[in-house]
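The values are calculated or read from the model by the stated rules, or taken from the named source; none is laboratory data. This structure is a prediction, so every number in the text was calculated from the model and none was measured. Here the Cβ is made from the backbone with ideal geometry for all residues, glycine too, and neighbour counts use every protein chain on show. Side chains are part of the model used for accessible areas, which takes the heavy atoms of the whole protein and leaves out ligands, DNA and RNA. Shrake-Rupley method; radii C 1.70, N 1.55, O 1.52, S 1.80 Å.
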Amino acid sequence: MAEDGLLGKKLQIVITDANGTVLEKMPEMLKWSVEEITEEDKKYPLNEEDEWRTVHQQGFKGSIEGQEINEAYDKIVDMKIEHQRKTGGTLKFIIFTTKIYKDGTIQKYKYPSVTFDGYSQTADGNNKPMTNKINWQSINRERI
């Protein structure tokens, strides 16, 4: 069982364009997910009892979901659409994460060459805020 002081308490996310220009501050996070992408090679040599397994790191993927308090999500989608119309290519971003733990430990990561897809927006009506979700994928994760 984890000690209370080691449980993650705060997550900050900053998204920049490929040149490092910070986009709108990301709204309050409702959900953040990240998982590694791997590819596996297995070999079963003749006359050997053990299999040989190699796992190749392919990158990371996840999603960001939050309430719409500014145009951060729309800005990302508009930028990537405009870039594709002008160049035919895919616009890259950078995600920086900072995790602050209750014991004061700070853990920072940089996800380079991020591409976004799967944007969605929902509204529940009444006085509930609109929420946005966008999927992302990166070639790597670097501890900074």
Point to revise | Subset of segment 118-134 that is surrounded by fewer than 16 Cβ atoms within 10 Å (Cβ to Cβ) and in contact (Cβ under 8 Å) with a residue 12 or more places away in the chain - its residue that is farthest from A18 (Cα to Cα) | key: P129
Exercise for review: Sort through Y101, Y111 and tell me the only one that's among the aromatic types (F, W, Y) and modelled with pLDDT of 95 or more.
Suggested key: Y111
Practice item. May I ask you to say which residue of I94, I69, I81, I106 is within 16 Å of the chain's Cα centre (by Cα), of a type in the set (A, V, I, L, M, F, W, C) and at negative phi? Key: I94
Review point. Among the residues of segment 3-22, which ones are in contact with a Lys or Arg (Cβ under 6 Å, 6 or more places away or on another chain) and modelled with pLDDT of 70 or more?
Key: L11, A18
Practice item. Can you run down the residue pairs with Cβ atoms below 6 Å, 6 or more apart or on separate chains, where the first is in segment 31-44 and under 17 Å from E142 (Cα atoms) and the partner is open to solvent by less than 100 Å² (accessible area, probe 1.4 Å) and aliphatic (A, V, I, L, M)? Key: T38/V55
Exercise for review: Given the conditions (1) of a type outside the set (A, V, I, L, M, F, W, C); (2) closer than 21 Å to L11 by Cα; (3) in a strand (DSSP E or B); (4) modelled with pLDDT under 95, report the number of the one that Y73 does not fulfil.
Suggested key: (3)
Practice item. For segment 17-46, name all the residues that are within 18 Å of N132 (Cα to Cα) and touching a Phe, Trp or Tyr at 6+ places or on another chain (Cβ under 9 Å). Key: L23, E24, M26, P27, V34
Exercise for review: May I ask you to list the residues in segment 92-110 that are in contact with a Phe, Trp or Tyr (Cβ under 6 Å, 6 or more places away or on another chain), of a type outside the set (A, V, I, L, M, F, W, C) and either open to solvent by less than 50 Å² (accessible area, probe 1.4 Å) or touching a residue at least 40 places away in the same chain (Cβ under 8 Å) (or both)?
Suggested key: T97
Exercise for review: For segment 10-37, enumerate the residues that are open to solvent by 70 Å² or more (accessible area, probe 1.4 Å) and of a type in the set (S, T, Y).
Suggested key: T21
